[in-house]
Structure formats: C-alpha cells, structure tokens
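The values are calculated or read from the model by the stated rules, or taken from the named source; none is laboratory data. Everything numeric in this text was worked out from a predicted model, so none of it was measured. Glycine gets a Cβ as well: all are built from the backbone with ideal geometry, and neighbour counts include every protein chain shown. For the accessible areas, the whole protein counts, side chains as well, though only heavy atoms, and no ligand, DNA or RNA atoms are used. Shrake-Rupley method; radii C 1.70, N 1.55, O 1.52, S 1.80 Å.
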2 protein chains.
Amino acid sequence: MMASTRRNFHLGDAVAVLERTPSSLSALLEGLPETWVRATEGDGTWSPYDVIGHLIEAERVNWMPRARHILEAGPTRPFEPFARAVGESGSRSLAEQLATFGRLRRENVAALKAMNLTDGDLERRGRHPELGDVTLGQLLATWVVHDMDHVTQIARTMAKVYTDATGPWNVYLSVLRDRLR
Amino acid sequence: MMASTRRNFHLGDAVAVLERTPSSLSALLEGLPETWVRATEGDGTWSPYDVIGHLIEAERVNWMPRARHILEAGPTRPFEPFARAVGESGSRSLAEQLATFGRLRRENVAALKAMNLTDGDLERRGRHPELGDVTLGQLLATWVVHDMDHVTQIARTMAKVYTDATGPWNVYLSVLRDRLR
C-alpha cells in the first residue's frame with residue numbers, strides 16, 4: 001500500500017467523478033422519509049435537502065462561470081464572490097431539486113468537455129477575491145473535492161440521526177463524532 | 001431549525017436507507033478510474049475497493065446473523081466476535097464486488113422484512129462480546145449508521161486524492177482535514 005495516493009489534477013479523472021455525483025445522491029436520497037432528508041447536525045447546519053440546494057447554486061454561479069472567467073479575463077479582475085449559502089429552493093420537492101442538480105451538472109460537464117482544455121490551459125490563472133492567484137486546474141480539482149465534501153456531509157448528517165439509537169455501539173461509529181459542534 | 005434531529009429507531013426509516021446504500025455506491029464508484037477506486041488515506045487505511053469488501057463481509061457474518069441470534073438465543077451466549085477487517089476479495093473486480101454487495105443486501109433486507117418485527121422484538125436483548133447487553137433495535141440502527149460511516153469514508157478518501165491539487169482552496173474544504181492521521 002502506498003503511503004500516500006495524492007495525485008495531480010487529471011481532467012478525465014475529475015470528469016469521471018463529476019458526472020457520477022448526481023446519480024449517486026439521487027440513489028441515496030430520492031424517496032427517503034423526511035426523517036433523513038430534513039435532518040441536520042444542529043442549529044446552523046444543513047440538511048441533505050439544503051445541501052442539494054447549495055450544490056445547485058454552485059453549478060449555476062461558481063464552477064463553470066469561474067472557469068470561463070479564467071479563460072476570458074485571467075487574473076486581471078477577481079472572481080465574483082460566491083456566497084457559500086443555500087440557494088433559493090422555495091417549496092420545490094427533493095426529487096425536483098435532485099433532477100435540477102443532475103441536469104445542470106450534465107450541462108456543465110458537457111461544456112467543460114467542449115472546452116478541450118490543454119495542460120497549458122489548466123495552468124492559466126485567475127484571481128480569487130480572498131485566496132489570491134489560483135489556476136484553472138485548482139478550480140476544477142476543488143469542484144471534485146467540494147462534491148465529495150458534501151457527500152460526506154449528507155451521510156454524516158443522516159448517521160447522526162441515530163446517534164442515540166445505536167446505544168453502546170456508538171463507540172465504534174466514528175462518523176458520529178466527526179465535526180462535533 | 002431544530003436544535004437536534006436525533007430520532008428513535010424506526011424500522012421503516014432504517015430499511016429505506018439500507019435498501020439505497022448499494023445503488024448509491026454503485027452509482028458513485030462503478031467505472032471510476034483506479035486513481036479513485038484504489039486510493040487510500042495512507043498506510044493502514046482502506047481504499048473504496050477495500051470498503052466494499054468490508055461491507056460484503058458484514059452482510060455475510062454480522063447484521064442478520066446477529067439479528068437471528070438475538071431472536072433465537074437472546075443474551076444467554078454472546079455473539080460471535082466480528083473481525084472488523086476487509087473480507088477476502090481476491091482478484092474480483094469492483095463491479096463484481098458491488099454486484100455482490102447489492103445482492104446480499106437485497107436478500108438481507110428481504111429477510112429482515114419477513115421477520116415482521118414488533119416494537120417488543122426491537123427491545124429484545126443480545127450480549128455483545130465487548131459491549132455487553134444490546135438490543136435488536138440498537139443492532140439495526142448500527143447497521144444504518146455503519147453504512148453512512150463507510151459512505152463518508154469512501155467520499156473522504158476520494159477527496160484527499162486532490163488535497164494538493166486544490167491549491168489555496170484547500171482551506172475551505174474541511175473534508176481534507178477529517179480523520180487526519
């Protein structure tokens with residue numbers, strides 16, 4: 001076993017994850033009782049329903065708009081700040097939200113592939129309003145990690161619903177102690 | 001928002017999660033490049049491939065065998081210890097392993113439903129070799145949380161592949177610091 005499996009960014013590998021996230025989350029969440037869909041980790045934390053709204057918002061205003069900004073404007077002006085908040089989901093059902101996330105992701109991955117990015121393009125720079133200079137490759141790697149961060153958040157939030165219900169077994173279930181507030 | 005969304009065990013809610021985990025993991029993992037499937041968090045940690053082997057082993061020797069043990073023997077003798085290790089997967093492909101997990105889970109959920117458990121049954125006790133007295137309801141709640149624990153593990157392990165690739169953005173991506181070793 002390798003001591004570390006950290007990798008450099010690879011567009012094909014990244015796309016393979018990006019195109020699987022919506023179907024994985026739909027398979028996990030669609031049709032689940034509200035007990036799970038509306039659970040949170042406590043005040044000020046997000047439910048699985050909220051997380052899907054956030055992922056939709058990021059598809060709309062974050063990833064591909066910033067990728068285009070890097071290719072068109074470079075670091076001459078910073079990105080628009082991205083509010084890391086829940087998008088307006090109003091009264092839409094979870095099934096509708098999951099379908100919207102899936103559709104936007106398909107459109108965005110198709111647009112990303114159509115850019116035919118070269119290794120040189122992945123080194124092109126933009127200016128983040130807080131973080132300073134970043135590359136297009138770093139943006140796209142962040143898109144992947146952001147997906148996985150929110151998959152962990154959803155599964156962790158669901159797990160914690162049964163923190164008490166597991167009784168003595170909770171000592172074996174490390175997820176119940178992740179991000180304890 | 002509620003301060004807490006912890007719930008008592010509810011059989012229908014639990015089954016709803018248990019029957020979705022295999023398809024969610026198949027949608028996430030099937031066909032992914034080895035970069036993701038064989039990634040680990042470092043020496044002594046599991047890859048997504050290893051985790052699927054562990055989930056298969058638990059379907060075979062842990063959950064339903066212990067549920068039957070509680071109903072048949074009660075706390076008169078302890079459960080067989082369950083080695084929390086990776087099952088023998090040999091050279092099987094990830095697709096084969098995911099199919100096996102899905103099949104075993106379907107069989108186990110069908111057997112669970114066929115038990116027609118009452119609220120009284122859920123209070124029935126068994127003896128865990130390390131934890132002492134536990135109830136059937138606690139066992140079944142643990143099954144659900146164990147699923148979600150390993151979903152977080154898989155997504156976290158995949159995220160960490162791009163720890164360096166995200167560059168300055170890593171400060172926003174909390175999952176990269178979960179379970180740091």
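Quick notes
- Filter result for B:Gln138 (at the interface with another protein chain (Cβ under 7 Å from one of its Cβ atoms), touching a residue at least 12 places away in the same chain (Cβ under 8 Å) and over 30 Å from A:Phe79 (Cβ atoms)): yes
- Enumeration of residues in the range A:112-128 that are in contact (Cβ under 8 Å) with a residue 24 or more places away in the chain and open to solvent by less than 70 Å² (accessible area, probe 1.4 Å): A:Leu112, A:Met115, A:Leu117, A:Asp121, A:Leu122, A:Gly126, A:His128
- Residues of the range A:27-76 classified as within 19 Å of A:Gly137 (Cβ to Cβ) and acidic (Asp, Glu), total: 1
- For the range A:16-63, a tally of residues being facing chain B (nearest Cβ under 10 Å), of a type outside the set (Ser, Thr, Tyr) and part of a helix (DSSP H, G or I) returns 10.
- Scoring B:Leu32 on the criteria (1) over 14 Å from the mean Cα position of the chain (by Cα); (2) buried (at least 22 other Cβ atoms within 10 Å of the Cβ); (3) not basic (Lys, Arg) leaves a single failure, condition (2).
- All of B:Val145, B:Val161, B:Val171, B:Val109 fail the test of being at the interface with chain A (Cβ under 8 Å from one of its Cβ atoms) and either over 23 Å from A:Arg179 (Cα atoms) or open to solvent by 20 Å² or more (accessible area, probe 1.4 Å) (or both), apart from B:Val171.
- Selection count, the range A:129-142, where residues are open to solvent by less than 10 Å² (accessible area, probe 1.4 Å) and either touching a His at 6+ places or on another chain (Cβ under 8 Å) or over 20 Å from A:Val15 (Cβ atoms) (or both): 1
- Any hit, the range B:69-78, residues being open to solvent by 70 Å² or more (accessible area, probe 1.4 Å), polar (S, T, N, Q) and part of a helix (DSSP H, G or I): yes
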